[in-house]
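The values are calculated or read from the model by the stated rules, or taken from the named source; none is laboratory data. Please read all numbers here as calculations on a predicted model, not as lab measurements. As a convention, Cβ positions derive from the backbone with ideal geometry for all residues, glycine included, and neighbour counts pool all protein chains shown.
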């Protein structure tokens, strides 16, 4: 094999240096930038897909908001600004009588005061057939007051005649007055 001349060696070394310089100073930084741009593009595509999915959910969320506003208006109507429990006790007794429930007892507990809403726990006991008790509970739900049943228990009579004894613990709510909030 022939020995290379000095000029040829210099040319080969310079060509190698140019190739290494090109790789180090142009190709490597450009490939890093390309990867960074690809990652940013993927992140932006993901963000755009999420935004598009959220955009499709907007009509559903608007309907839910309108429904919730309607429920909130109904909720406010069912929270009086005063106790008015004598009227409520009478309404409960009238409903119990309307469904011929026996052994009626509606007993209030100690009032629980909150910053904006107060409640009074009540115990409701009566005896009747399942249909009567069910209709009573439906009517209780339709009253113009917010009543939340916390505990509910039905017991069969000892002779299994179809009569049930209902024991329920409920809370009756009303708004705290401005005087109570301070």
- Message: Among the residues in the stretch 31-44, are any loosely packed, with under 10 Cβ neighbours inside 10 Å and assigned to a helix (DSSP H, G or I)?
- Response: no
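Each row is one residue, and each column tells you yes or no for (1) surrounded by 12 or more Cβ atoms within 10 Å (Cβ to Cβ); (2) within 18 Å of residue 169 (Cβ to Cβ); (3) without any contact (Cβ under 8 Å) to a residue 40 or more places away in the chain; (4) not assigned by TED's automatic domain parsing to the domain that holds residue 169.
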| residue | (1), (2), (3), (4) |
| --- | --- |
| 96 | yes, yes, no, no |
| 99 | yes, no, no, no |
| 104 | yes, yes, yes, no |
| 107 | no, yes, yes, no |
| 120 | yes, yes, no, no |
| 125 | yes, yes, no, no |
| 130 | yes, no, yes, no |
- Note on the structure: Residue count, the stretch 140-155, condition free of Cβ contacts under 8 Å to residues at least 12 places away in the same chain and surrounded by 12 or more Cβ atoms within 10 Å (Cβ to Cβ), comes to 0
